Amino acid sequence: MDPRIPRVRRKLAAAPFHPRRSHSFGEEHHQFRLGLRLAEGRIAAFESENAVTLPASYRQFLLHVGGSGVGPLYGLKPLKGCTLFIMQPNSTPDSPRGFDEASSTGEGDLFLHIVEMSCTDVCLPALTGPLAGRVVIGNSDGYWGPNVSSAPDFLAWYERWLDHMSQGRDDRALELTSPQLRSHPHRSRPAPKI
């Protein structure tokens, strides 16, 4: 088991009770509850059915923390409901790239849609290619992004989200992306007070 798992579990258990924590959009959907952990066999079956290998840290999360639930915005999707995507080709150098559902042709690097965000916004760990293991946030229609998280893997990205939430930052203030890349256009707007 990854040595970060116990620390993530502690932070996750304490997060709903932290006096300064943020109340993010979509939180009422997951209500700070985790889905059941997944057995190795269920994860292996998903990988076999889709001919993919999940990133090690995401796999560790599914095995030892939970299979869905608590996460940014609407939370983590159950693995059986996750969809494979590929990044659209770059049509012009300065235009943002979107994502399309992966077809059986196997063209392009694969990403797995794991977080319910809203509309066509997607949060995907890369499964193959140079970004494998890293979390990418973008818009499937290419309205903005994609942004590659500066966190080296899913567990680091998820733990950073827990830390930011406990400090009272909202989803737009998470800054889970590399500062060198173009950010979401609404990131700098303050969240409305509730």
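Computed from the coordinates by the stated procedures, all read-outs in this text should not be read as laboratory data. Because the structure is a prediction, the values reported are computed rather than measured.
Side notes on the structure shown:
- Extension gain, ARG37-ASP94: 0.36 nm per intervening residue step, less the Cα-Cα distance, totals 16.4 nm.
- Computed over the stretch 1-149, relative contact order equals 18 percent, with contacts defined as Cα pairs under 8 Å that lie 6+ residues apart.
- Here the scattering of the stretch 1-147 is modelled by Debye summation over its C-alpha atoms, one equal scatterer each and no solvent; at q = 0.12, 0.17, 0.20, 0.21 Å⁻¹ the log10 of I(q)/I(0) is -0.53, -1.02, -1.30, -1.38.
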